[in-house]
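Colleague: After the structure tokens below, expect a handful of questions from me.
The values are calculated or read from the model by the stated rules, or taken from the named source; none is laboratory data. What you see is a predicted model; the values in this text were computed from it and never measured. Here Cβ is always computed from backbone atoms with ideal geometry, including for glycine, and neighbour counts include all displayed protein chains. Quick note on the areas: whole protein, heavy atoms, side chains included, nothing else; ligands and nucleic acids left out. Shrake-Rupley method; radii C 1.70, N 1.55, O 1.52, S 1.80 Å.
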Amino acid sequence: MTQAPSLDRGAACRRLLFAGPGRVEVIEERLPALGADEVYARTVLSGVSHGTEMAWLRGEAAAQHRTWDADRRVYLDGAGRDYPVAPGYETVAKVAEIGSNVTDVKVGDAVYLDRPHADGHIVASNVARAGLVPADVPVEWAVFWPLARVALGGVHDAAIQLGDTVVATGLGTVGLLTVQFVQRAGAAKVIGVDQHPLRLQTALSLGAYAVDARTTDVAAEVRRIAGPAGADAAIEASGSYRGLHEAIRSSPPAGAWPPWRHTTASSPGSGSARSTTATGSP
């Protein structure tokens with residue numbers, strides 16, 4: 001097992017940086033010395049978030065052009081973040097060395113870390129403990145934990161009710177996780193929308209309906225499956241304006257709860273469809 005050189009001399013590390021639009025660099029540095037309450041972990045896997053990271057690489061990320069207001073959770077006019085950018089947040093690493101006070105993790109433990117692409121990381125022991133990967137969970141599964149968090153957030157925001165019909169536009173990793181979470185939340189019908197055959201086949205294998213956006217009027221097909229009212233909730237996971245547009249078209253007009261909708265719940269709902277988008281961190 002790879003060990004850090006010593007407690008008082010930081011380990012060598014390579015990090016990935018976006019130096020500017022279309023410019024990728026790998027830099028070499030030394031991590032800080034390992035503290036008594038810290039853990040040194042060597043990266044095993046580091047997942048690439050295609051949408052987020054490609055937007056940063058192209059110079060199109062919203063955070064590069066506007067200011068994120070954390071209190072109101074919205075981008076506002078103002079200065080954005082500048083290069084260089086350290087991309088990545090889906091890291092699984094193995095603990096290689098622990099500080100003298102650390103008792104809650106041990107050398108050899110696999111941990112999920114919300115950290116950029118790099119060889120290694122120095123983190124507080126409680127951070128490592130929070131991301132501890134159970135021994136029976138493959139690290140290849142654990143790298144998807146942050147995307148499962150994104151998908152579950154979208155499902156919670158959509159406030160799924162028992163018996164709902166739900167549309168998920170975009171069947172990448174987040175969208176397919178959304179399909180499964182929606183089913184577990186009690187939806188009676190889940191309709192997945194995408195334009196890639198393999199993704200559509202995967203949605204079918206998970207028990208969802210599959211609508212090919214290349215060849216089908218999405219909203220019309222949703223209403224054929226769900227009824228004239230359309231879907232009760234729509235979750236947009238494609239990150240495209242077209243996907244968002246079809247999600248809106250697949251939902252009933254706000255404030256017009258149709259008389260032909262049948263429900264076994266004690267209350268028919270709020271009188272409007274619910275829609276949300278599943279997105280990552282700014």
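Colleague: Can you give the percent of C-alpha pairs in the stretch 171-222 whose distance is more than 17 Å?
Modeller: 28
Colleague: Just the number, please: carbon plus sulfur as a percent of the accessible area of the chain, 1.4 Å probe, no ligands or DNA/RNA counted.
Modeller: 54
Colleague: For the stretch 71-184, compute Rg over Rh where Rg is the Cα radius of gyration and Rh is the Kirkwood radius from the inverse mean 1/r over Cα pairs.
Modeller: My calculation of the ratio gives 1.06.
Colleague: With charges set only on the Cβ (+1 for Lys and Arg, -1 for Asp and Glu), what does the dipole of the chain come to about its Cα centre, in debye to the nearest 20?
Modeller: Value, rounded to 20: 560 debye.
Colleague: State in Å² the accessible area per residue of the chain; use a 1.4 Å probe, count heavy atoms of protein chains only, and round to the nearest integer.
Modeller: 53
Colleague: How much space per residue, in cubic angstrom, does the convex hull of the C-alpha atoms of the stretch 49-100 take up?
Modeller: Dividing the Cα hull volume of the stretch 49-100 by its residues yields 147 Å³.
Colleague: Along the stretch 186-201, what does the Karplus equation 6.51 cos²θ - 1.76 cosθ + 1.60 (θ = phi - 60°) give for ³J(HN,Hα), rounded to whole Hz, x for Gly and Pro?
Modeller: x, 5, 7, 9, 10, 10, x, 10, 6, 10, 10, x, 4, 5, 5, 5
Colleague: Once you charge only the Cβ atoms, +1 for Lys and Arg and -1 for Asp and Glu, what is the size of the charge dipole of the stretch 66-122 about its Cα centre, to the nearest 20 debye?
Modeller: Once rounded to the nearest 20, the dipole reads 80 debye.
Colleague: Using a 1.4 angstrom probe and counting only protein chains, how large is the accessible area of HIS65 in Å², to 10?
Modeller: Probe radius 1.4 Å; accessible area of HIS65 about 110 Å².
Colleague: If I model a spin label as a point 7 Å beyond the Cα along the Cα-Cβ vector, how far apart are those points for THR103 and ALA79 in nm?
Modeller: 4.7
Colleague: I want to verify the translational diffusion coefficient of the stretch 133-254 in µm²/s; compute it with Stokes-Einstein, Rh as the Kirkwood radius over Cα pairs, at 25 °C and 0.890 mPa s.
Modeller: 171
Colleague: Next up: Specify the residue with the greatest mean-square fluctuation among GLU28, GLU246, GLU38, computed from a Gaussian network of the chain linking alpha-carbon atoms under 10 Å apart.
Modeller: GLU28
Colleague: Follow-up question, since we're still on this one. Specify the inter-centroid distance of the stretch 154-229 and the stretch 35-65, based on alpha-carbon positions, in whole Å.
Modeller: 29
Colleague: Can you give the extra length, in nm with one decimal, that the chain gains between LEU162 and TYR241 once fully stretched, where that is 0.36 nm per residue apart less the Cα-Cα distance?
Modeller: Full extension from LEU162 to TYR241 adds 25.6 nm.
Colleague: Can you tell me what the convex hull of the Cα atoms of the chain projects to on average, as an area in nm²?
Modeller: 18.0
Colleague: Mind pulling the angle between the C-alpha long axis of helix 173-184 and the longest principal axis of the chain? Nearest 10 degrees, somewhere in 0 to 90.
Modeller: Long axis of 173-184 versus the principal axis of the chain: about 60 degrees.
Colleague: Here's a follow-up. Cβ neighbours within 10 Å, averaged per peptide: list 49-61, 171-183, 14-26 in order, most packed at the top.
Modeller: Taking the mean over residues of other Cβ atoms within 10 Å, the ranking is 171-183, 49-61, 14-26.
Colleague: Treating each Cα of the stretch 1-143 as an identical point scatterer and ignoring solvent, apply the Debye formula and state log10 I(q)/I(0) at q = 0.10, 0.20 Å⁻¹.
Modeller: -0.40, -1.13
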